[in-house]
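Presented below is the structure to which this report refers.
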């Protein structure tokens, strides 16, 4: 039986994948859109999300931090998808191997509890995917619905909301 943590990690991976699929269906120049008040371009923001996830995962596995020069420079959509796939695979395999939540781990800004690092991994992605949604919306592109309600409905057969219109044959 899946745990709450399984579901949270599944959501994170689904949201990354869904946003990348949405961006892939847009004109290539979409990757370089930006707006004020966000991290940077969609490309830079996605690279930041995924490289950070991989870095947080390394900390949780007791591995040394990657050298910043190992991060991709101006990754294309295929490279971003590879990073997302790598992150999803590692994160899924980490569930049963996480250190005790109170274990203190070294970060570039000091010691952090393992639970704090895992929480940061999830919330960091949520925050920056919202930045990408802001970039899309400010450039006249309706962003996809990738919140936790949509995940429950589309992936886990939660009830279809009546205000969403008729339920599609396939979700």
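Annotations for the structure displayed:
- Flag if residue 45 is part of a loop (DSSP other than H, G, I, E, B) and modelled with pLDDT of 95 or more: no
- Given (1) out of contact with any helix residue (DSSP H, G or I) (no Cβ under 9 Å at 6 or more places or on another chain); (2) under 20 Å from residue 149 (Cβ atoms), index of the condition residue 29 fails: (2)
Condition check ((1) in contact (Cβ under 8 Å) with a residue 40 or more places away in the chain; (2) loosely packed, with under 15 Cβ neighbours inside 10 Å; (3) closer than 16 Å to residue 131 by Cβ) across all residues:
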{"site": "18", "(1), (2), (3)": "yes, no, yes"}
{"site": "46", "(1), (2), (3)": "yes, no, yes"}
{"site": "55", "(1), (2), (3)": "no, no, no"}
{"site": "65", "(1), (2), (3)": "yes, yes, no"}
{"site": "81", "(1), (2), (3)": "yes, no, no"}
{"site": "90", "(1), (2), (3)": "no, no, no"}
{"site": "101", "(1), (2), (3)": "no, yes, no"}
{"site": "113", "(1), (2), (3)": "no, no, no"}
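- Residue in the stretch 137-147 that is out of contact with any strand residue (DSSP E or B) (no Cβ under 9 Å at 6 or more places or on another chain), part of a helix (DSSP H, G or I) and surrounded by fewer than 17 Cβ atoms within 10 Å (Cβ to Cβ) present: yes
- Leading residue by the ranking (farthest from residue 2 (Cα to Cα)) among those in the stretch 148-160 that are part of a loop (DSSP other than H, G, I, E, B) and without any contact (Cβ under 8 Å) to a residue 12 or more places away in the chain: 160
The values are calculated or read from the model by the stated rules, or taken from the named source; none is laboratory data. Quantities reported herein were computed from a predicted structural model and do not represent experimental measurements. All Cβ positions, glycine included, derive from the backbone under ideal geometry; neighbour counts span all protein chains shown.
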